[in-house]
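Remarks on the structure that follows.
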């Protein structure tokens, strides 16, 4: 008997809460909340102290995140491009970049054709030598 | 021609240099053009030296010296000068003027800096690669480590030494 009453009370309460929530304009309610005042009461430093950043970072695959970044569009759309341009060595540097880039293009063209003739897929310039790999690893 | 090599923009750098090529084995075109530049530089310096000697002799003795490119001693003098030019450049910094221009460098086959002894051996072995219609250079085209005959003899390899990715970013930043 008691159980039935409790169930009835539970159902009535849930229905009452639903009616109240549906009657409330949550947006209007949020407009009245002074978030600045709320934030003033929050000690951000204390919250940050409680976060274990090392543990957080160890659970993130930063390499995967970096792979998703389109650096080309980033450079084109942000001031990073201007910074890089400012750090370059002027007209001579631009000419040098252009000459080297075109020659590398020719290297790739030749290597690709050699790969086709040998019926071996070309996957890019080989290397580096073991010593350089070790250096890169350290 | 480079468009077929994978350009993603008509006048831009090849797609391959989205990655840094530093340390990777250099291709045939980079090495060949660097060598052509080196021959030009070494010949130019040699001819300037001959002109300076001719001028000095004329001022001091009042007589002209007749040069002929077929003179054996001129050929020997150039051979000695070319040996010094290549061997010293490879021993000192791993690169000649042409190689510096095209961003390639000579290293030992394990990737460490080329020693003076290897630089000398490489220079002496270089003419061997030209024998039999340049058969010694085929290894650059077909070998996994892109080494010519003189590289194999001297225990060296040629790698890209410039940061292609940084160059691409500079290109993109210029719009």
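Computed quantities for the displayed model
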read-out: Selection within region B:82-113 - surrounded by fewer than 17 Cβ atoms within 10 Å (Cβ to Cβ) and either outside any helix (DSSP H, G or I) or touching a strand residue (DSSP E or B) at 6+ places or on another chain (Cβ under 7 Å) (or both); value: B:93, B:110, B:112, B:113
read-out: Residue list for region B:142-162, restricted to those being closer than 16 Å to residue A:124 by Cβ and in contact (Cβ under 8 Å) with a residue 24 or more places away in the chain; value: B:145, B:146, B:159, B:160
read-out: Odd one out for residue A:31 among (1) modelled with pLDDT of 80 or more; (2) facing chain B (nearest Cβ under 10 Å); value: (2)
read-out: Per-region count, region A:111-125, residues surrounded by fewer than 20 Cβ atoms within 10 Å (Cβ to Cβ) and either closer than 15 Å to residue B:26 by Cα or at the interface with another protein chain (Cβ under 7 Å from one of its Cβ atoms) (or both); value: 5
read-out: Residue within region B:114-128 that is in contact with a helix residue (DSSP H, G or I) (Cβ under 9 Å, 6 or more places away or on another chain), assigned to a loop (DSSP other than H, G, I, E, B) and farther than 23 Å from residue A:103 by Cβ present; value: yes
read-out: Any hit, region A:75-94, residues being at pLDDT 75 or above, within 21 Å of residue B:162 (Cα to Cα), surrounded by 10 or more Cβ atoms within 10 Å (Cβ to Cβ) and touching a helix residue (DSSP H, G or I) at 6+ places or on another chain (Cβ under 6 Å); value: no
read-out: Which numbered condition residue B:123 fails, given (1) within 10 Å of another protein chain (Cβ to nearest Cβ); (2) surrounded by 21 or more Cβ atoms within 10 Å (Cβ to Cβ); value: (1)
read-out: Test: residue in region B:37-47 that is touching a strand residue (DSSP E or B) at 6+ places or on another chain (Cβ under 6 Å) and closer than 24 Å to residue B:153 by Cα; value: no
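The values are calculated or read from the model by the stated rules, or taken from the named source; none is laboratory data. Just so we're clear, the structure is a prediction, and the values are computed from it rather than from any experiment. Virtual Cβ from ideal backbone geometry, glycine too; neighbours counted across all protein chains shown.
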